[in-house]
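Structure first, then comments.
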Amino acid sequence: MKKYKVGVVMGSTSDMPVMQDAIDVLKAFDISVHVDVVSAHRTPEKMLSFGQSAHENGFNVIIAGAGGAAHLPGMLASLTPLPVIGVPVKSRNSMDGWDSVLSILQMPNGVPVATVALDAAKNAGLLAVQILGATDTDLALQMLDYKREMKEKVNQMSKDLNK
C-alpha cells in the first residue's frame, strides 16, 4: 500500500472536537495526518501558502473544517488541484450551522468542494479513504472490511432488539 498524507485543517482550535473524528478515522486506516489551524480570515497568507503548496508537499487530500462564514474549504479548493472535503462546523456564533453548511456547499462551478453534513468529520475521513482507495486496492479492501463490520454491528443490534 502506498503511503498517503491528508491535511486536516480548521479555522480555530475550537473546531478540534469535531475534526478529531476525521483524524481518528485516517489514523485507523494508517494514513498520515497533518493537523493545523489555518484561518481564511485571520491568517490568509498562511492559507494561501498551504493551499498553493499542498500538492508539492505530498498531500493527497485536504479536509477543511470551518464554522460561521466557513470560507476555508472553498478558498483552499480554489488554490489546489487536490480534492478538498469541507466539514461545516456548528460554532457558538453560528446560525444553527446553516451559515457554515451553505458557505461550503454553495461553491461556484469550477471550484468543487465535497461537503459532508454538519459536524460530520468522521464522514470526511471516510470519504478521504474512499478517494484514496479508488486507486489503491489494499485501501479499498480495508474500506470493504470497515463496511462489513458496520453491517455486522447493525445485524447484531437487530438480533438483540428482537430477542
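The values are calculated or read from the model by the stated rules, or taken from the named source; none is laboratory data. Because the structure is a prediction, the values reported are computed rather than measured. Note: ideal-geometry Cβ built from the backbone for every residue, glycine included; neighbour counts use all protein chains shown.
Details
- Considering residues of the stretch 86-108 that are part of a helix (DSSP H, G or I) and either in contact with a strand residue (DSSP E or B) (Cβ under 7 Å, 6 or more places away or on another chain) or of a type in the set (A, V, I, L, M, F, W, C) (or both) only, the residue nearest to T13 (Cα to Cα): S100
- When residues in the stretch 36-63 are screened for being basic (K, R) and either at positive phi or surrounded by 15 or more Cβ atoms within 10 Å (Cβ to Cβ) (or both), 1 of them pass.
- A64 meets the conditions (1) under 23 Å from S39 (Cα atoms); (2) in a helix (DSSP H, G or I); (3) touching a Leu at 6+ places or on another chain (Cβ under 6 Å) in every case but one. The failed one is (2).
- Yes/no for S49 being modelled with pLDDT under 95 and among the hydroxyl-bearing types (S, T, Y): no
- Test: residue in the stretch 100-112 that is in contact with a helix residue (DSSP H, G or I) (Cβ under 6 Å, 6 or more places away or on another chain), over 21 Å from P17 (Cβ atoms) and at pLDDT 95 or above: yes
- Search result, residues across the stretch 1-23 that are farther than 17 Å from Q130 by Cβ and assigned to a loop (DSSP other than H, G, I, E, B): K3, G11, S12
- Residues of the stretch 56-77 that are out of contact with any Lys or Arg (no Cβ under 7 Å at 6 or more places or on another chain), of a type outside the set (D, E) and over 22 Å from P108 (Cα atoms): N57 alone.
- Within this structure, G86 passes the test of being under 21 Å from Q52 (Cβ atoms) and without any contact (Cβ under 8 Å) to a residue 60 or more places away in the chain.
- The conditions of being within 15 Å of the chain's Cα centre (by Cα), more than 18 Å from L26 (Cβ to Cβ) and free of Cβ contacts under 8 Å to residues at least 60 places away in the same chain are met by A77.
- Candidates in the stretch 24-61 are the residues that are assigned to a helix (DSSP H, G or I) and in contact (Cβ under 8 Å) with a residue 40 or more places away in the chain; of these, the one that is farthest from K3 (Cα to Cα) is F50.
- Some residue of the stretch 131-149 being touching a residue at least 40 places away in the same chain (Cβ under 8 Å) and not in a helix (DSSP H, G or I): yes
- Checking the stated criteria, D99 turns out to be crowded, with 18+ Cβ neighbours inside 10 Å and either in contact (Cβ under 8 Å) with a residue 60 or more places away in the chain or over 15 Å from the mean Cα position of the chain (by Cα) (or both).
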